[in-house]
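Laboratory data are not the source of any read-out in this text; all were calculated from the coordinates shown. Given the structure is predicted, the values throughout are model-derived calculations rather than measurements. Here the Cβ is made from the backbone with ideal geometry for all residues, glycine too, and neighbour counts use every protein chain on show.
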Amino acid sequence: MIRLFRVSKRYPEGVTALHEVSLHIEKGEFAFLTGPSGAGKTTLLRLLFREERPTSGQIIIDGRNLIKLPRKEVPFFRRNIGLVFQDFKLIPHWTVYENVAFALEALGTPPREIRKRVLRVLGMVGLHGKMARKAAVLSGGEQQRVAIARALVKEPKILLADEPTGNLDNEMACRIMEIFEEINTRGTTIVMATHNYELVSRYGNRVIGLDRGRVVEATERVAEGT
Ligand SMILES: Nc1ncnc2c1ncn2[C@@H]1O[C@H](COP(=O)(O)OP(=O)(O)O)[C@@H](O)[C@H]1O
Ligand SMILES: [Mg+2]
């Protein structure tokens, strides 16, 4: 599903954020991407979303070579990928409902279907009662849940989540993990960056550990020498 071959990323200012990272993530996996701040987790997710391009190496997602993907095909490629950013990027003067519905409107989903799906995901993240509020007036944790709903409403094949539980209390973090596990059971491949080691140890998921841009620890299925 996701294959990286010796992927390096050097930012223009000279920081090498990733150094020859090779790994495979199979369809249906739920993998944690861990490592201290600055390890390269966000960079890796941005490469997978085709928000950045690697300096060298190859990235194959769902059979498509991201290096060769023309710019005009990027929106089509992203239809199947849900992304939960670290900074939520909600539209502050839009309501919760509008922020989530927009993800589907942009894809041309019929209005009735949009309404059904938005209401369902808002229920999943516990925001059904706040759908008419403006995003700007929500707490940080609520905004984070809107961002999660916005990613899930696309029913993506792949979910990329960058510290999705970072601003949430323990109870809500567990709730989000339950939702992720449920959609993973239904077939969505998940890569979730987190530096919450307690959470990582509580779940038995595969762990891909990064440190200063290198894979330092990975439970199973690391591509070697490829
Ligand atoms: N847009 C950018 N321009 C320059 N350097 C960056 C940029 N984004 C991240 N970096 C640097 O790349 C390294 C990895 O960062 P990041 O991928 O954000 O790590 P993490 O998410 O694990 O904290 C850090 O040294 C960071 O300062
Ligand atoms: Mg990060």
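Numbers for the structure displayed
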quantity: Among (1) over 18 Å from the mean Cα position of the chain (by Cα); (2) near ligand 1 (Cβ under 7 Å from one of its atoms), the one test that Arg10 misses; calculated: (2)
quantity: Spans of strands (runs of 3 or more DSSP E) in region 13-97 with at least 2 residues more than 16 Å from ligand 1 (Cβ to nearest atom); calculated: 16-25, 56-61, 81-84
quantity: Looking only at region 180-199, and only at residues there that are more than 16 Å from ligand 2 (Cβ to nearest atom) and exposed (fewer than 15 other Cβ atoms within 10 Å of the Cβ), the one that is farthest from Val153 (Cα to Cα); calculated: Glu198
quantity: Filter result for the condition that a residue is away from ligand 2 (no atom under 13 Å from the Cβ) and either without any contact (Cβ under 8 Å) to a residue 24 or more places away in the chain or more than 20 Å from Met1 (Cβ to Cβ) (or both), over Leu66, Leu48; calculated: Leu66
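Listed here are the residues, each with its yes/no results for (1) more than 22 Å from Phe77 (Cβ to Cβ); (2) in contact (Cβ under 8 Å) with a residue 12 or more places away in the chain; (3) not hydrophobic (A, V, I, L, M, F, W, C).
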site: Lys116; (1), (2), (3): yes, no, yes
site: Leu127; (1), (2), (3): yes, yes, no
site: Lys130; (1), (2), (3): yes, yes, yes
site: Ala151; (1), (2), (3): no, yes, no
site: Asp162; (1), (2), (3): no, yes, yes
site: Asp169; (1), (2), (3): yes, yes, yes
site: Thr194; (1), (2), (3): yes, yes, yes
site: Val216; (1), (2), (3): yes, yes, no
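Condition check ((1) in a loop (DSSP other than H, G, I, E, B); (2) out of contact with any Phe, Trp or Tyr (no Cβ under 7 Å at 6 or more places or on another chain)) across all residues:
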residue	(1), (2)
Val100	no, yes
Glu113	no, yes
Ala132	yes, no
Asn184	no, no
